[in-house]
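The values are calculated or read from the model by the stated rules, or taken from the named source; none is laboratory data. Computed from a predicted model, the values in this text were never measured in an experiment. Cβ: placed from backbone, ideal geometry, glycine included. Neighbour counts: every protein chain shown. Protein only, heavy atoms only, side chains kept; ligands, DNA and RNA dropped before computing areas. Shrake-Rupley method; radii C 1.70, N 1.55, O 1.52, S 1.80 Å.
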Amino acid sequence: MRKNSTISDSKLKVRINDKLIQDYEAGYANDSEGAMFLKKGSEIFEINYVASKIWLLLNKYKNQKNDLKNEDIVDYLSNIVEGVSEQVLSSDIEFIISKFNELEIHPFNNENIQINNFNTPNSIAWNYTYKCNLNCKHCYSRKLIYTEMEKDFKIKIAEAIGQSNIFSVDFGGGEPFMDNSLFETAAILKNYGVDISLTTNGTLVNDSTISEIKRIKFSAIGVSIDSDQEDIQNAIRGENVFKKAVKTIRKLVKEDIFTEAITTISKLNANRLENIHKFCKELGVSVWRVQLFRPMGLGYQNINKFMLSADEVKKAFTVLYNLFQDNSIKIDLGIGSEPLWHLFFSDLKLENKIQSTYLKGGPCGKISCCIRPNGDVSPCAYVPMSIGNMLKSSLELIWNEMRNWVVHNDILSGKCLSCPVNKSCLGGCKANRILLNEKYDIYCWKNE
């Protein structure tokens, strides 16, 4: 059975306010929801996945530190981190312990981070190109028209990202493999110690592509899987797409590349979530990542075919939560990026499980952002606006402007004002509200 972590050769990362500590190279786990915040006085700390796991263990045994030996921590981490030698873990643990003891940092409730305390995000979704070989009926970007940057400008942006102490970058599109400069740009980011991943439709991956993925050491490759049934995926994406995507996943898994199956939940597949879960297990992917359909681009044109009702969303969440109990495959529910999970857990009287773990209102504009093919920066891929452009301004200045957007869009109205989880959900997905000009996320099942 695969373990629940992604392996990359990234550096351990701890940001103290804006200063990044990365003293050595090591093989580490990367997790899309793994960043953790700590606080001491006025200083905010941000640490990556493995560092957070070590800290949690140390904190658990804080009154018995003398009895907790490095080999105990190594044994604990070896069950979480796949493919890292005990020698590497041991040396890294000594470094982390020394830093944590030196700083005497303590955890604090993440819901207190309403506006990002850093001058740059910790992760970026880079829509590297909107060129695509498909014409998927629910695609959010297919109707977006931008003058795309030349390679030299993309390299310039990669250098700027690398120098800004960013934890991770996920390449998307469009179809990122349509741009010949992709691997050169990815290698630059990797050289700066940035974790890199990629989302693809899976139709353009060949032996040469896989060789480059392994050479540059991508942390994860996500492939779109809309259904366990060929006719459903092909109806959305085009003829033979299902077979090509499945073939790509099998190749990636065989090559021991950390692979995610990504499913956009809509009216066309919401009744088959159990089947898709089983299918992903059979494919051998490390993670099944699920996300809700967003009414943007071609998706907006086909909104009646794809968009679930609020009650259907709640039903889908219930199915996913039950499947989540199956540890044979990790399921990325998108809890950290889908604010309505706060309402779901509140209904189950389990709100305290996520209240102190995830940012209230979601991460967009608070710890993450999106860069479009022309250099525009937005809070996320689904928000149809630009806060600034990387070719005209620095990421730090744009990120500072992002705070104004966050403050404005965290203001509640309508039924959200009386909702018991309004302080953590903050009105649900901001993109849904903006795209449909609503006071609250229309996926919300809470009555007026």
Residue pairs qualifying under the 6 Å Cβ cut-off, at least six apart or on distinct chains, with the first in the range 276-303 being over 25 Å from residue 429 (Cβ atoms) and in a loop (DSSP other than H, G, I, E, B) and the second being open to solvent by 10 Å² or more (accessible area, probe 1.4 Å) and among the aromatic types (Phe, Trp, Tyr), are 286/258
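Across the range 119-160, which residue is most open to solvent (accessible area, probe 1.4 Å) among those that are in contact with a helix residue (DSSP H, G or I) (Cβ under 7 Å, 6 or more places away or on another chain) and free of Cβ contacts under 8 Å to residues at least 40 places away in the same chain?
159
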Which is touching a Gly at 6+ places or on another chain (Cβ under 8 Å) and either buried (at least 22 other Cβ atoms within 10 Å of the Cβ) or among the β-branched types (Val, Ile, Thr) (or both), of 194, 205? 194
In the range 402-422, what residues are surrounded by 15 or more Cβ atoms within 10 Å (Cβ to Cβ) and not polar (S, T, N, Q)? 402, 403, 405, 406, 410, 412, 415, 416, 419, 421
If you scan the range 308-352, which residues turn out to be of a type in the set (Ser, Thr, Tyr) and either assigned to a helix (DSSP H, G or I) or open to solvent by less than 40 Å² (accessible area, probe 1.4 Å) (or both)? 318, 321, 346
Kindly evaluate residue 166 against the criterion of being part of a loop (DSSP other than H, G, I, E, B), without any contact (Cβ under 8 Å) to a residue 24 or more places away in the chain and within 21 Å of residue 371 (Cα to Cα). no
Residues of the range 208-246 being small (Gly, Ala, Ser), buried (at least 17 other Cβ atoms within 10 Å of the Cβ), part of a helix (DSSP H, G or I) and over 24 Å from the mean Cα position of the chain (by Cα), which ones? 235
Which number in (1) crowded, with 18+ Cβ neighbours inside 10 Å; (2) more than 22 Å from the chain's Cα centre (by Cα) marks the one condition that residue 297 misses? (2)
Residue list for the range 167-186, filter: aliphatic (A, V, I, L, M) and under 20 Å from the mean Cα position of the chain (by Cα): 169, 182, 186
